[in-house]
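The values are calculated or read from the model by the stated rules, or taken from the named source; none is laboratory data. Note that the structure is a prediction, hence the values are computed from the model and not measured. Note that we place each Cβ from the backbone using ideal geometry, even for glycine, and neighbour counts take in every protein chain shown.
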Amino acid sequence: MSSAQRALSSAAFITLLGLAFLFGANHVAARLAFDNGVDVSTAVFFRSAVTAAVIAVLLLAQNRPWRLSVAQWQLLMALGTLISIQSFCIYSAVARLPVALALLAFNSYPIWTAFWARALYGQKPERALLVAMPVILLGLALALDVVGAASGLSVSAHWARIGVGVIFALGAAASFSLALVLTQKNAGDIDPQLRTTVTLAFTGVVALVAVLLHGGFHLPTNATGWGGLTALTLFYGVAFSVMFTLLPRLGVVGNSAIMNVEPVFALALAWLLLGQTVASIQLVGALIVVGSVMMLGLRRR
């Protein structure tokens, strides 16, 4: 039985909840930064470059090998491209939607994962996923208020307001899930820390190119913006560093399903710090999405 299927220790459970909180806080901090002068390219650069540097230092401290074949470099460049797309898309969604709703739309990634596995490798989706798919879509429809009932707007007016953000969130889910499938099928022999370092470094380079194409860094215009940019970088860097150092020692491999409570933390933080609220029916939809994704991740295989 894999470690993901064994009962989690108290320390592992608390650590996973802490990681979900940090990732949720990262996106709320990003919205603070975006509302105060920072653009998406600048945020992605700081987040990716600093995190890559931290994990690289950890690798050097552990004397881990850095050797990669040409084929492995090419694969990591492809993964870096996908993570770059995911990073730009999810932050673009967060800049346009209530943070929790952007993350909920992103949480459709199990459906995208099944699609890519089927399209690229002919892998049939498991029965549990086929059952969960319509439930996730129903919850997402409620959370996004697809008919505009909770917003009081017409369908066209409601989607004119949220449509671009939803497209970005779904784009993030699609690119992230493709990266997951390629990693599982082709990158299993690459050290996870080295893989993450190279991927994030490449994402940082792509973000830097985007920054230069848009006239340079768009830095915060006030203390709130600087706090948001600093916090998103710190939260993301700490969360990723913990994922690759502490979790393996606690017997937890990869991203446990418990971390999918991230939108719940984001919902609470966005309400406290940003004044963002959702209607009761949207909250029900959020719980359906989070619960379905967690059940998929926690099921026994």
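Residue pairs whose Cβ atoms lie under 9 Å apart, sitting 6 or more positions apart in sequence or on different chains, and linking a residue in the stretch 261-280 that is under 14 Å from LEU17 (Cα atoms) to a partner that is of a type in the set (A, V, I, L, M, F, W, C) and surrounded by fewer than 18 Cβ atoms within 10 Å (Cβ to Cβ), are VAL261/LEU17; VAL261/MET294; VAL264/LEU287; PHE265/LEU17. Applying the criterion of being under 13 Å from LEU272 (Cβ atoms) and not small (Gly, Ala, Ser) to the residues of the stretch 22-36, the residue that is surrounded by the fewest Cβ atoms within 10 Å (Cβ to Cβ) is LEU32. A search for C-beta distances below 8 Å between a residue of the stretch 80-100 that is charged (D, E, K, R) and any residue that is surrounded by fewer than 23 Cβ atoms within 10 Å (Cβ to Cβ) and assigned to a helix (DSSP H, G or I), counting only pairs 6+ apart in sequence or on different chains, returns ARG96/VAL164; ARG96/GLY165. Does the stretch 137-155 contain any residue that is free of Cβ contacts under 8 Å to residues at least 24 places away in the same chain and farther than 16 Å from ILE281 by Cα? Yes, the stretch 137-155 has at least one match.
Restricting VAL252, VAL264 to residues that are modelled with pLDDT of 85 or more, surrounded by 16 or more Cβ atoms within 10 Å (Cβ to Cβ) and not small (Gly, Ala, Ser) narrows the list to VAL264. Residues of the stretch 9-40 that are in a helix (DSSP H, G or I), within 26 Å of THR221 (Cβ to Cβ) and out of contact with any Asp or Glu (no Cβ under 6 Å at 6 or more places or on another chain): LEU22, ALA25, ASN26, HIS27, VAL28, ALA29, ALA30, ARG31, LEU32, ALA33, PHE34, VAL40. If the condition is being among the basic types (Lys, Arg) and more than 16 Å from GLY297 (Cα to Cα), then the stretch 93-145 contributes ARG96, ARG118, LYS124.
Set side by side, the residues ALA132, ALA174, ALA149 differ, and just one is surrounded by fewer than 17 Cβ atoms within 10 Å (Cβ to Cβ) and either under 14 Å from LEU101 (Cα atoms) or hydrophobic (A, V, I, L, M, F, W, C) (or both), which is ALA149.
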